[in-house]
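Student: One structure, pasted below without further comment.
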């Protein structure tokens with residue numbers, strides 16, 4: 001790609017027709033030198049042998065007549081050099097602004113319910129979350145788990161392999177049983193509140209009712225709002241009753257039906273307070289759709305800028321113009337010399 005950085009100097013090209021008109025005026029007034037010797041002026045048989053008054057011009061004669069055109073070409077090159085011709089090499093730089101997303105996962109005992117058959121809620125949630133992680137690019141993600149207390153399993157990171165390994169390693173029974181939604185949300189907000197990212201998100205997944213912890217979930221939601229942290233809440237579990245595994249008195253594993261209790265009004269209030277959304281997942285497909293929906297809503301911002309590297313070409317034009325002038329003056333003073 002070529003560009004003229006100082007196009008205004010192209011106005012000097014108007015000098016070329018003016019100089020051509022001046023040359024034409026001088027030619028009409030009379031020659032200032034002898035272009036070539038006319039043999040018709042020489043008496044004797046030479047003129048009679050040709051049968052004409054003057055011979056056709058030779059190569060040197062033509063060159064002498066056009067030396068001024070070569071000088072005009074040199075002037076043309078100098079004017080182009082003043083206009084600063086440049087060769088542009090453009091390239092695009094993409095600046096990606098990633099998000100900070102903290103996944104807050106309930107691992108209380110009720111997550112063992114097998115209403116997402118053939119596996120329990122926690123196993124399906126881990127699988128869907130792993131798929132969500134695999135779709136993110138240039139975002140920092142972390143993992144907080146909670147039951148009666150909360151624990152940071154993986155701080156915010158871009159090493160998704162470590163995050164997925166930590167997620168696979170998460171099991172039921174790691175923490176004292178219970179559901180401390182307020183504690184979990186407060187811990188998650190504390191993890192992201194010092195982040196420099198423009199968008200900070202907590203995805204809180206639970207299947208129960210807040211029954212443990214010293215922090216009220218509504219206070220934790222206000223804390224998230226104050227730190228500009230958006231919270232998406234997901235209630236996990238079928239409606240009505242769900243099969244829950246128990247060990248009977250004979251040591252046999254069997255399933256009993258238990259009521260599914262999810263505090264949906266609370267989860268809606270948390271999401272509304274922070275500018276997020278509440279979702280209800282009643283099976284694996286709906287849970288997967290929820291994370292796909294969040295993935296569509298929360299995209300990494302990409303900005304692109306174009307840069308140019310300019311290579312100056314005017315030295316070549318100057319060099320070529322000087323070469324033309326050198327050849328013209330050398331020829332005029334040697335084999336194309338004229339009189340006087």
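Student: In the stretch 150-191, how many are out of contact with any helix residue (DSSP H, G or I) (no Cβ under 9 Å at 6 or more places or on another chain) and over 20 Å from residue 213 (Cβ atoms)?
Tutor: The number of residues fulfilling the criteria is 7.
Student: Before we move on, is residue 109 closer than 28 Å to residue 213 by Cα and in contact with a strand residue (DSSP E or B) (Cβ under 7 Å, 6 or more places away or on another chain)?
Tutor: No; evaluated as a whole, the condition is false for this residue.
Student: Continuing with this model, one more query. List the number of the failed condition for residue 42; all other conditions in (1) modelled with pLDDT of 80 or more; (2) surrounded by fewer than 12 Cβ atoms within 10 Å (Cβ to Cβ) hold.
Tutor: Every listed condition holds for residue 42 apart from (1).
Student: Right, something else. Given the condition in contact (Cβ under 8 Å) with a residue 60 or more places away in the chain and either assigned by TED's automatic domain parsing to the domain that holds residue 152 or part of a helix (DSSP H, G or I) (or both), answer yes or no: does some residue in the stretch 211-226 qualify?
Tutor: Among the residues of the stretch 211-226, at least one is in contact (Cβ under 8 Å) with a residue 60 or more places away in the chain and either assigned by TED's automatic domain parsing to the domain that holds residue 152 or part of a helix (DSSP H, G or I) (or both), which makes the answer yes.
Student: Something else about it: Among the residues of the stretch 187-217, write down those that are within 21 Å of residue 294 (Cα to Cα) and out of contact with any strand residue (DSSP E or B) (no Cβ under 6 Å at 6 or more places or on another chain).
Tutor: Those that are within 21 Å of residue 294 (Cα to Cα) and out of contact with any strand residue (DSSP E or B) (no Cβ under 6 Å at 6 or more places or on another chain): 193, 198, 199.
Student: Turning to a different aspect of this structure: Quick one: what pairs do we get from the stretch 232-244, first residue not assigned by TED's automatic domain parsing to the domain that holds residue 204, second surrounded by fewer than 23 Cβ atoms within 10 Å (Cβ to Cβ) and modelled with pLDDT of 90 or more, C-beta under 6 Å, 6+ apart or different chains?
Tutor: Cβ pairs passing all conditions: none.
Student: Now, a different point. Go through the stretch 230-284 and tell me which strands (runs of 3 or more DSSP E), entirely inside it, have 2 or more residues that are under 24 Å from residue 298 (Cα atoms) and touching a helix residue (DSSP H, G or I) at 6+ places or on another chain (Cβ under 7 Å).
Tutor: Qualifying strands (runs of 3 or more DSSP E): 278-281.
Student: Of the numbered conditions (1) within 42 Å of the chain's Cα centre (by Cα); (2) closer than 21 Å to residue 121 by Cβ; (3) part of a loop (DSSP other than H, G, I, E, B), residue 176 satisfies every one except a single condition; which is it?
Tutor: The failed condition is (1).
The values are calculated or read from the model by the stated rules, or taken from the named source; none is laboratory data. Quantities reported herein were computed from a predicted structural model and do not represent experimental measurements. Glycine gets a Cβ as well: all are built from the backbone with ideal geometry, and neighbour counts include every protein chain shown.
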